[in-house]
Amino acid sequence: MKVILFILLVSAFVSGCVSDRVIYADYGKLACQKSCPEFTALLWPSVINFDFNKSDIAISEKDKVVRVAKILKDYPEYSIAIIGSADPYGTDSYNNELSLRRSITVGKALQAKGIAQTRIVLIGTGESELYVNTKDRQKNRANRRTQLVLLDANHNPVDLYFDPKALPSEPIMMNKVNSL
């Protein structure tokens, strides 16, 4: 295995495909490209949590809306899917409505920051997509959320990578390999 890896690296180096800055395991469309791809790294807040039976954004979560709006303004080719969820307390129909209200609240907050409604997709999943399955009301805070999914120009989710040096549980959005 080491011999094969060595031969691949040597052959790539001789052909000029490997940069001294970055080594890719799978070159794909980058094979023999003479320049290194640019990476964009941004702190992307993936979740906005809500209080029990509430759909208004808590003061502690409002900075996430500001960060999302800034990224969407800086990258107009991106859009966002906001997926609301609820904990298992309450009826299915009530939780479906509550999760959608949470999505709508975040969507309206982004619109107030200048993001066009056409760039926002709103989804409510009720209690069907629990993050944790527990009867503990405190731990169920993780289920009272909206997930923020960054979408590219083709409405596909953008790859997110978790950086252990970043804030806990906050993913870093990286535009990998020149968006290929």
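For region 62-124, compute Rh as the Kirkwood radius over C-alpha pairs and then the Stokes-Einstein diffusion coefficient at 10 °C and 1.306 mPa s; write the answer in µm²/s, rounded to an integer.
Value of D from the Cα-based Kirkwood radius: 130 µm²/s.
Can you tell me the order of 128-137, 108-117 when each peptide is scored by its average per-residue count of other Cβ atoms within 10 angstrom, highest first?
108-117, 128-137
Search the structure for amide H atoms under 5 Å from the amide H of residue 121, placed 1.01 Å from N in the peptide plane, and list their residues when 5 or more places away or on another chain.
Residues meeting the criterion, in which the H sits 1.01 Å from N, are 80, 81, 82.
Once phi is turned into ³J(HN,Hα) by the Karplus curve 6.51 cos²θ - 1.76 cosθ + 1.60 with θ = phi - 60°, what whole-Hz value does each residue of region 82-94 show in order, with x for glycine and proline?
10, 10, x, 9, 9, 7, x, 6, x, 6, 4, 5, 5
Read-outs throughout are calculated quantities, based only on the coordinates presented, and are distinct from any laboratory measurement. Since the structure is predicted, the reported quantities are computational estimates derived from the model, not experimental observations. Reconstructed Cβ throughout: ideal geometry from the backbone, glycine too, with neighbour counts over all protein chains shown.
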